[in-house]
Amino acid sequence: MNIDDRIERRLGYDTGLSVLADFEAVSPVSHAESPVGRGPAIERLLDVFAPAFSGSLPPSLYVYGPKGSGKSAVVSALFDRLSTHSGPRQAIQTTTRAVEPTIPGFVYVDARHASTRFRLYHAMLAAMSDDPVPDHGIGTEELAESLRDVMRTGPDLVVAVDHTNEVETPPASTLIGWLTDVGERLVPACIGRDPPDAIDWEPESTVEFAKYRRHVLVELLTSRCSTGLGRDALTHDQIRDIVEWSAGDAHDALAAVMGAAVSAERAGASTIRSADVDTGIEGVPRPCVALGRVLALPESRQRLLYELAGLSDDERSTVGAATEAIAARPGVDLSASTVRRVLYELADAGLLERVTVHRSDGKGRPPSRLVPLFPTVVFRELFDRQARTG
DNA sequence: ACCTGGTCCCGGGCTCGGTTTT
DNA sequence: AAAACCGAGCCCGGGACCAGGT
């Protein structure tokens, strides 16, 4: 939030009226322009990229660390800033002659939205060119060829691919293969949770992210809440409690904050009460699937999870019952058999947990019920808001 | 043996740029 | 210029088959 936004908020009609003033600021899926408390990590990344500033190619890089440790926040913010510096630079006087180093282009793509060859190339082109890239009626090879063109004429490229090696994203080696296929003056920087020895690619350098330390996470939440929530909506002690519970995971902490804010707002309260904090914390399963994963799913899948999260306990008691209930919802236009299949797929992907229920009338294999492994209240809130704004 | 839940796979068809024909 | 057609990726639907219980 910049100064204008802050002033506008003070002038605005919603001042003091709502607990959740700016949901983007406390959303676990949006990142701040300048990440809090990650200076050393930024320095380490800049160390790796140092050769790029004098005109040579930096080494390939693998960034790893646990969920909610700021990998995406830092790398996306850093690449966003670096990309504004790319292109030919002013001549630099050296002792012997003038050289004109060229800063490479820095492109950040999220594998969650670029899980196929086609979509990876599409995302890269979209990030680099001003005019829109068609997303239908064009072949993968055509996209690859335009990328090769860009690489031939433009500067070198450093491509960060976030969220590699997840269930619905390709492993690093696959992504590297796709990248090296479009140009050799291209340096990959993959980001993932697995340690380097657990992945099928050998990067030339690595940077590790550790869990947030308590005081850093307190600082981060305080900063986010000061812009996202109404004045003094959440006390310092409440923030400390949430941080303590979150065990250094910024995603979970923010999800709890947002859950608490939603709870308070629904109750018509002007600040977040301790019961709201409890509700917010209880709404976050541990371990918790990142909301970014859920929100990266195709619209039809998200709709399905949205409806599932809104079902009564009775309707959710078995996969079969949930299928019937979801397929009957007006917003769902999938057939029952597809709903059923997709529910199983989502469970297989780790977004839902299948808990077998033991029925007394047991003929045949006992059914299971589906338990969401992501914060459902916050997800529904984000889904609603995303639907409202398009 | 029988029954219901769960897994896996792939053909068809949808959407929508691009291309050819009218 | 308009219309008809083509073909790209990928989503949907459903059926064959396997698993695990009485």
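At 0.36 nm per residue, minus the direct Cα-Cα distance, what do A:His236 and A:Leu311 gain on full extension? Give it in nm, one decimal, please. Numbers along the way, then the final one.
Values: separation 75, 0.36 × 75 = 27.00 nm, distance 3.52 nm.
Gain on stretching A:His236 to A:Leu311: 23.5 nm.
Working out 0.36 nm times the residue gap between A:Ala336 and A:Arg214, then minus their Cα-Cα distance, what length gain in nm do you get to one decimal? Please list the in-between numbers first.
Values: separation 122, 0.36 × 122 = 43.92 nm, distance 4.65 nm.
Length gained, A:Ala336 through A:Arg214: 39.3 nm.
Ranked from highest to lowest mean number of other Cβ atoms within 10 Å per residue, what is the order of the peptides A:50-59, A:257-266? Please report the intermediate quantities before stating the final value.
Details: A:50-59: 15.3, A:257-266: 24.9.
Per-residue Cβ counts within 10 Å, averaged per peptide and sorted highest first, yield A:257-266, A:50-59.
With the Cα gyration tensor of the range A:39-208 giving a ≥ b ≥ c as the square roots of its eigenvalues, does the rule (a/c under 1.5 for rounded; else a/b larger than b/c for prolate; else oblate) give rounded, prolate or oblate?
Numbers: a/c = 1.86, a/b = 1.14, b/c = 1.63.
Oblate is the answer for the range A:39-208, as a/c is 1.5 or above yet b/c matches or exceeds a/b.
Working from Cα positions, state the angle (0 to 90°, nearest 10) between the long axis of helix A:299-309 and the longest principal axis of chain A.
The answer is roughly 40 degrees.
Tell me which lysines have Cα within less than 24 Å of A:Lys211's Cα, excluding those fewer than 8 residues away on the same chain?
By straight Cα distance, A:Lys211 reaches A:Lys67, A:Lys71.
How much net charge surrounds A:Pro59 when only the other residues with a Cβ under 15 Å from the Cβ of A:Pro59 are counted, with Lys and Arg +1 and Asp and Glu -1? All intermediate terms of the calculation are to be shown ahead of the outcome.
On the way: positive: A:Arg44, A:Arg185; negative: A:Asp47, A:Asp156, A:Glu184, A:Glu202, A:Glu204.
Once positives and negatives cancel, what remains is -3.
Using only the Cα atoms of the range A:296-387, build the gyration tensor, take square roots of its eigenvalues as a ≥ b ≥ c, and label the shape rounded, prolate or oblate: rounded if a/c is under 1.5, else prolate if a/b is larger than b/c, else oblate. Before the final figure, lay out each step's value.
Details: a/c = 1.90, a/b = 1.65, b/c = 1.15.
Prolate.
Report, to the nearest 10°, how far helix A:117-128 tilts away from the longest principal axis of the Cα atoms in chain A, using its own Cα long axis and a range of 0 to 90°.
Once rounded, one gets 60 degrees.
Note the angle between two axes, namely the Cα long axis of helix A:39-49 and the longest principal axis of the Cα atoms of chain A, as a number of degrees from 0 to 90, rounded to the nearest 10.
40
Please identify the trypsin sites (Lys or Arg not before Pro) of the range A:180-216 that satisfy two criteria: DSSP loop assignment and at most 13 other Cβ atoms within 10 Å. Which are they? Spell out each step's value before the answer.
On the way: sites: A:Arg185, A:Arg193, A:Lys211, A:Arg213, A:Arg214; in loops: A:Arg185, A:Arg193, A:Lys211, A:Arg213.
Here the sparse-neighbourhood loop sites are A:Arg185, A:Arg213.
How would you classify chain A from its alpha-carbon gyration tensor, with a ≥ b ≥ c the square roots of the eigenvalues: rounded for a/c under 1.5, else prolate if a/b is greater than b/c, otherwise oblate?
Cα axes put chain A in the oblate bin.
Ignoring ligands, DNA and RNA, please state the percent of accessible area on chain A from carbon and sulfur, probe 1.4 Å. If you can, show how the numbers build up before the last one.
Numbers: 9620 of 19590 Å².
Reported share for carbon and sulfur atoms: 49 percent.
Roughly speaking, what is the stretch gain from A:Asp181 to A:Glu24, that is 0.36 nm per residue apart minus the C-alpha to C-alpha distance, in nm to one decimal?
52.8 nm
Can you pull the one-decimal nm distance between simple spin-label points at A:Thr206 and A:Arg365, each 7 Å off the Cα toward Cβ?
According to this spin-label approximation, the distance is 3.9 nm.
With a 1.4 Å probe and all protein chains left in place, how much accessible area per residue does the range A:248-316 have, in Å²?
Numbers: 2570 Å² over 69 residues.
It amounts to 37 Å² per residue over the range A:248-316.
With runs of 4+ DSSP H residues as the only contributors, calculate the mean residue ellipticity of chain A at 222 nm using -39,500 (n - 2.57) per run, divided by the residue total and rounded to the nearest 500. Walk me through the numbers before you get to the answer.
Values: 16 runs with 177 residues, N = 390.
Calculated mean residue ellipticity at 222 nm is -14000 deg cm²/dmol.
Suppose every Lys and Arg Cβ carries +1 and every Asp and Glu Cβ carries -1, with no other charges. What dipole size does chain A come out with about its Cα centre, to the nearest 20 debye?
Values: 41 positive and 55 negative charges, 112 e Å.
Computed about the Cα centre, the dipole is about 540 debye.
The values are calculated or read from the model by the stated rules, or taken from the named source; none is laboratory data. Treat the numbers as computed from the prediction; the structure is a model and nothing was measured. Using ideal geometry, Cβ is built from the backbone for each residue, glycine included, and neighbour counts are taken over all protein chains shown. Protein only, heavy atoms only, side chains kept; ligands, DNA and RNA dropped before computing areas. Shrake-Rupley method; radii C 1.70, N 1.55, O 1.52, S 1.80 Å.
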